[in-house]
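Asker: Dropping the structure in here first, questions after.
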């Protein structure tokens, strides 16, 4: 019999509370989830995903929450993922995690009728220059990013004046990993990006993320700010629809949307692995997640 119903997964940087605001918020978010799960009479513990001393089979399920170093240790993470999936249940599932970990998933959403930004995928080993790409596509200002990434890792804003200075890093990256090129989205800078939290297909709350003046990245790592936000019915329906485009219904999802350059709603990211869910802004949502998890574990 399992010792725990749920292990909340983090990375070792966030195992303890901290006076650092950022780390404290991570700890607080996970604590809200742990309390909500306990209120559902589930036995809970919290561990770093790379804890070699812990017996993962001692828990009925592992809940991915703040494993925010996985993309820096990608091969190690995938190996660990394969092993633990054989001994316990993953939330979200291994299939969803593997699908969502690579931005090629955007093409699947597009095939399901979900609007995404114009996108050009440059596969590993491609022999093409940034100048050739921009001339072929007819794009002037663009954003380049890896297909497996997080926290805006190797994300660059490009234009005709700086293509040459980014050529070397582009060639180095594309030797080993697929890259994604998209037209620069001006409305993300002027209006921001909306994150809508969806649990078991149902919207709970949203925030608006804005880049700091002079930047285009909305992540707080780069000075972005987060604001409470009340989405329109259309925005909620769009986000819930995007979740329906997944291979299976996720227990939790964060749908990042914005108005594209034609002022149409589009999905910038669908986060199913370890998204920040801003429970501290809407603590009741932790209860919604906990209830969904209990129903999945004990139907």
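Asker: Only one of (1) farther than 28 Å from residue 157 by Cβ; (2) exposed (fewer than 15 other Cβ atoms within 10 Å of the Cβ) is not met by residue 72, so which one is it?
Answerer: Failing condition for residue 72: (1).
Asker: Here's a follow-up. Can you confirm whether residue 102 is within 15 Å of residue 273 (Cβ to Cβ) and not in a helix (DSSP H, G or I)?
Answerer: When the stated conditions are applied, residue 102 passes them.
Asker: Please find, among 170, 121, the residue that is buried (at least 18 other Cβ atoms within 10 Å of the Cβ) and either in contact with a helix residue (DSSP H, G or I) (Cβ under 8 Å, 6 or more places away or on another chain) or in contact (Cβ under 8 Å) with a residue 60 or more places away in the chain (or both).
Answerer: Going through 170, 121 in turn, just one is buried (at least 18 other Cβ atoms within 10 Å of the Cβ) and either in contact with a helix residue (DSSP H, G or I) (Cβ under 8 Å, 6 or more places away or on another chain) or in contact (Cβ under 8 Å) with a residue 60 or more places away in the chain (or both): 170.
Asker: Same structure, new question: Inspect all residues belonging to segment 131-138 and state whether any of them is surrounded by fewer than 17 Cβ atoms within 10 Å (Cβ to Cβ), free of Cβ contacts under 8 Å to residues at least 12 places away in the same chain and in a loop (DSSP other than H, G, I, E, B).
Answerer: yes
Asker: Moving on. Within segment 217-254, which residues are at pLDDT below 95, buried (at least 19 other Cβ atoms within 10 Å of the Cβ) and touching a strand residue (DSSP E or B) at 6+ places or on another chain (Cβ under 8 Å)?
Answerer: Within segment 217-254, 218 is the sole residue that qualifies.
Asker: Given (1) under 28 Å from residue 107 (Cβ atoms); (2) modelled with pLDDT of 95 or more; (3) buried (at least 20 other Cβ atoms within 10 Å of the Cβ), identify the lone condition not met by residue 293.
Answerer: Condition (1) is where residue 293 drops out.
Asker: What number of residues in segment 277-297 are part of a loop (DSSP other than H, G, I, E, B) and assigned by TED's automatic domain parsing to the domain that holds residue 44?
Answerer: 0
Asker: Just the residues that are surrounded by 20 or more Cβ atoms within 10 Å (Cβ to Cβ) and in a helix (DSSP H, G or I), please, taken from segment 4-24.
Answerer: Answer for segment 4-24, where residues must be surrounded by 20 or more Cβ atoms within 10 Å (Cβ to Cβ) and in a helix (DSSP H, G or I): just 14.
The values are calculated or read from the model by the stated rules, or taken from the named source; none is laboratory data. Computed from a prediction, not measured in an experiment: that's the story for all the values here. Glycine also receives a Cβ, built like all others from the backbone with ideal geometry; neighbour counts cover every protein chain displayed.
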